[in-house]
Amino acid sequence: MQQDIDQLRRQAEDDLAAVTTEQMLEEFRIKYLARKGLIAVLFDRLKTVESSQKPLMGRLLNELRGTTNALFREKQESFQRRPSQATTLDLTLPGRTKFLGTKHPLTQTMDEIKAIFVSMGFGIADGPEIEDDYHNFEALNFPPDHPARDTQDTFFLSKKALLRTHTSPVQIRVMENNRPPVRVICPGKVFRNEAVSSRSLATFHQIEGLYVDKGVTFSDLKGTLISFIKQFYGSGLKYKFRPTFFPFTEPSADIYITCFICNGKGCKMCKHGGWLEILGCGMVDPNVFKFVGYDPEVYTGFAFGMGIERIAALRFGVDDIRLFYENDIRFLNQFMT
């Protein structure tokens, strides 16, 4: 057996000297040092050696394994120290451009609107997208037979649960948990059962606002929203308030501005009318205050709301709001900041 050990030592040294790659080195390890390698086979044969010879053979086998391991590690370290064979570096080649991400145009629009209202003293509140009928309709003074409560307009999950149709429920939750004065905006995603077209989507974003305190008047509403219009759209635009109806505000109004695409001359964007509707607003209906425990004889307030997709489309001159959701890099590159 001693001859076999000496022969295996010489064979291992010769094989290791011929190793030139890490792959060959791994093959050497498997052949000699693995659990079923050639050295392990000799250790198994130790059982058949005469008892008087076992101590000597055992010592020789341990020396063989130790020496082979040491040579293997030395070879392995030499590969690790060897510099990688990289291709020739041409310093005249242009560097690789790193493309940085940017905010989506809808996010840019929403962030700018939020910044304007925060600068005017409004806080930011949010709430669940899955709402109950009470917060989404009843507490906002929607009568039981209002069309918005029909499945043709609203995504109902059950008789009492639905996907919120506006962010006004957040205003109700804020008033339920806070005493006046209250001054917040409520940005978020909303859902309506509408046909998808260039001007409407089933899922879109809104920012609604609420201000409640003693002595709040329609003049406060006008001053706040006119300030927003001038900061967001520019001071050169004309604006007008047109009476309308909302269940949760009275009196109510829509705000129009002169079309900044055609400067009021009439175009496709403004349907050739020269005016663009940008938001709805009004004084909070006293019935809404009764639902949240506010005394309508003591407190008054105003609310407003606007669709982010519509405002972004008007501002960037996009004639189809579906483009915001198609993830076309050619379209999105136009809004990189």
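The values are calculated or read from the model by the stated rules, or taken from the named source; none is laboratory data. Because the structure is predicted, anything quoted here is derived from the model rather than measured. Ideal geometry is used to build each Cβ from the backbone, glycine not excepted, and the neighbour counts take in all protein chains shown.
Condition check ((1) in a helix (DSSP H, G or I); (2) farther than 30 Å from K230 by Cα; (3) in contact with a Gly (Cβ under 9 Å, 6 or more places away or on another chain)) across all residues:
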| position | (1), (2), (3) |
| --- | --- |
| L100 | no, yes, no |
| D111 | yes, no, no |
| F117 | yes, no, yes |
| P143 | no, yes, no |
| T165 | no, no, no |
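Run Y256 past the list (1) outside any helix (DSSP H, G or I); (2) closer than 28 Å to P128 by Cα; (3) under 35 Å from the mean Cα position of the chain (by Cα) and report the number of the one that doesn't hold. Evaluating Y256 over (1) outside any helix (DSSP H, G or I); (2) closer than 28 Å to P128 by Cα; (3) under 35 Å from the mean Cα position of the chain (by Cα) leaves (2) as the failure. Filter the range 242-256 down to residues that are surrounded by fewer than 17 Cβ atoms within 10 Å (Cβ to Cβ) and not acidic (D, E) and give me whichever is nearest to T167 (Cα to Cα). Going through the qualifying residues, I end up with F245. The numbered conditions (1) under 29 Å from the mean Cα position of the chain (by Cα); (2) closer than 27 Å to F289 by Cβ; (3) of a type outside the set (G, A, S); (4) in a strand (DSSP E or B) are all true for V170 except (4). Across the range 97-122, the number of residues qualifying as loosely packed, with under 13 Cβ neighbours inside 10 Å and either at pLDDT 80 or above or among the polar types (S, T, N, Q) (or both) comes to 6.
Is it the case, given these coordinates, that N287 is farther than 30 Å from H146 by Cα and assigned by TED's automatic domain parsing to the domain that holds F122? Judged against the criteria, N287 is not a match. May I ask you to verify whether F291 is buried (at least 17 other Cβ atoms within 10 Å of the Cβ), among the hydrophobic types (A, V, I, L, M, F, W, C) and not in a strand (DSSP E or B)? Considered against the rule, which asks whether it is buried (at least 17 other Cβ atoms within 10 Å of the Cβ), among the hydrophobic types (A, V, I, L, M, F, W, C) and not in a strand (DSSP E or B), F291 comes out as yes. Selection within the range 119-141: residues that are in a helix (DSSP H, G or I) and aliphatic (A, V, I, L, M). The member of this set that is farthest from Q231 (Cα to Cα) is A139.
Looking only at the range 188-231, residues that are part of a helix (DSSP H, G or I), among the hydrophobic types (A, V, I, L, M, F, W, C), in contact (Cβ under 8 Å) with a residue 40 or more places away in the chain and surrounded by fewer than 16 Cβ atoms within 10 Å (Cβ to Cβ) come to 1 in all. When restricted to residues that are among the aromatic types (F, W, Y) and without any contact (Cβ under 8 Å) to a residue 12 or more places away in the chain, the range 232-245 contains 1.
Considering the range 1-65, the qualifying helices (runs of 4 or more DSSP H), each wholly inside and each with 1 or more residues that are free of Cβ contacts under 8 Å to residues at least 60 places away in the same chain, over 21 Å from S78 (Cα atoms) and acidic (D, E), run over 2-17, 38-45.
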